[in-house]
Every structure is written in structure tokens, then in C-alpha cells.
Amino acid sequence: AQSVAQPEDQVNVAEGNPLTVKCTYSVSGNPYLFWYVQYPNRGLQFLLKYITGDNLVKGSYGFEAEFNKSQTSFHLKKPSALVSDSALYFCAVRGPNAGGTSYGKLTFGQGTILTVHP
Amino acid sequence: EAQVTQNPRYLITVTGKKLTVTCSQNMNHEYMSWYRQDPGLGLRQIYYSMNVEVTDKGDVPEGYKVSRKEKRNFPLILESPSPNQTSLYFCASSFKGGNTIYFGEGSWLTVV
């Protein structure tokens, strides 16, 4: 079974400082990995994804994530945080296109609340 | 414009009163699914469908039903809602094997 862990319920950073939101995963085969952001009372917004290729993936709003196969991690990063980045962030994994009951299913982490202080 | 549309967006209902949350996509996607979001639990899959007339249970199917009579629609049915089904619900769709997943805006459901 596939799973995702976001070890930090909350992350607090000062504006202008770099931020990291951690994610580790477990899945059979090569994973598809995603980050989504949710602002208060809003739906999910796609940030970025890793499918194959370069381990460093760049996404929306200046975010990037690094895929590390040996550590089974996909941490979200941003060099300089903004107050407007404050939101709930979800990491998700999708198993490879191999059929079976997990086919196509996105498994989400429990979410990390990012707060950026002025 | 490619989109997944859910209705209603907000609903307060009473225990036991049947309700349906509709989901429609305009991208000819084969795969559709429903998730519920609860604090500290992330999003959990309720049901999914790989194509017309093909549906299966996700991780938390109890108390829900779905149908897939047409490719574009995947309604979520709560036959007898209970307060523990108070949640934020998301519908999602994608092509089979696709790596771009589209989400609806979410439906806030409160059962009193």
C-alpha cells in the first residue's frame, strides 16, 4: 500500500527566510509525486509534480521540490518566504500505471500548516 | 476551459435526509474519484471509477454510494447522512494513466 508522511503539523518561518516543508513517501515502483496548497476556505491548488527526469522540480509561486529516491523524500522548498505563502500544504503520491486497486489513486499526507511571520 | 464542477458548494442538512453531490468534468477523462478532507487526516479516497459503469471502493466508502452512468458525471450519494460525514468533499478526474489530476472546488457538507 502506498503512503505519505508529513512529519510536521506546522512550520513557522519569518518572511524572507527560506522554507522547507517535509514529505516522505512509500510506494511500489517509481512514484508520481505532487504538492498542493490550500488557502483558507478554498479548494486545492496544484503547485508542482515529479514524474521523471530532473530531481529538482520547479513549480508555481517560486516553489520547488527535490525528489530523493534513496531517502524516499520529496521536500517542498522556497528560497524566500512571503506572508502570502501562509496556507495548508499537502504532499501526495500516485502509484505507477500498473493497474490493480491502487491504480490512479492519490494518497495524501495529513497536511502541514505553513505560517510566515512578517 | 477544462474544469471539474461540483454542486452544491455548501450544504447544511439533517441526519437521515438523502443527498447527492454532483460532479461533472468536461475533459473526457476516464478516471474520476471522490475524496473527503478532515483536519489532521489529509484527503482520503471514498470511491473511484475507472470508466463508465466501473466503480470501486476507496479507503473510506462506508455510508456513501456512487454511480457512473455517463463518462462526464460521477455523483456522490449519501443515502442516510450522519454527523460524522460532516466534511469537505473533493471530486477529481484524470485520463487513465495521466499524471495531471484536476480537482473540483470542493463541497462543504454539514450534517446536523
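The values are calculated or read from the model by the stated rules, or taken from the named source; none is laboratory data. All figures in this text were calculated on a predicted structure; none of them were measured in a lab. Note that each Cβ is placed from the backbone with ideal geometry, even for glycine, and that neighbours are counted across all protein chains shown.
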Checklist entry - Does B:Val66 satisfy the criteria of being in contact (Cβ under 8 Å) with a residue 40 or more places away in the chain, buried (at least 18 other Cβ atoms within 10 Å of the Cβ) and among the β-branched types (Val, Ile, Thr)? => result no
Checklist entry - Does B:Arg44 meet the test of being more than 8 Å from chain A (Cβ to nearest Cβ) and among the charged types (D, E, K, R)? => result no
Item to check | Residue satisfying all of: in segment A:21-34; under 13 Å from the mean Cα position of the chain (by Cα) and not in a loop (DSSP other than H, G, I, E, B); surrounded by the most Cβ atoms within 10 Å (Cβ to Cβ) among these | outcome: A:Phe34
Checklist entry - Which condition does A:Asp54 not pass, out of (1) over 24 Å from B:Gln37 (Cβ atoms); (2) at pLDDT 95 or above; (3) of a type in the set (Asp, Glu), if it passes all the others? => result (2)
Next on the checklist: Residues to consider are B:Glu70, B:Glu105; find the one that is farther than 25 Å from A:Gln2 by Cβ and facing chain A (nearest Cβ under 8 Å).
Outcome noted: B:Glu105
Checklist entry - Do we find a residue being more than 11 Å from the chain's Cα centre (by Cα), modelled with pLDDT under 95, part of a loop (DSSP other than H, G, I, E, B) and closer than 19 Å to B:Gly42 by Cβ anywhere in segment A:75-97? => result yes
Checklist entry - So B:Val60 fits all but one of (1) within 14 Å of another protein chain (Cβ to nearest Cβ); (2) aliphatic (A, V, I, L, M); (3) closer than 24 Å to A:Leu48 by Cβ; what number is the exception? => result (3)
Checklist entry - Can you spot a residue in segment A:10-20 that is in contact (Cβ under 8 Å) with a residue 40 or more places away in the chain, exposed (fewer than 14 other Cβ atoms within 10 Å of the Cβ), assigned to a loop (DSSP other than H, G, I, E, B) and of a type in the set (A, V, I, L, M, F, W, C)? => result no
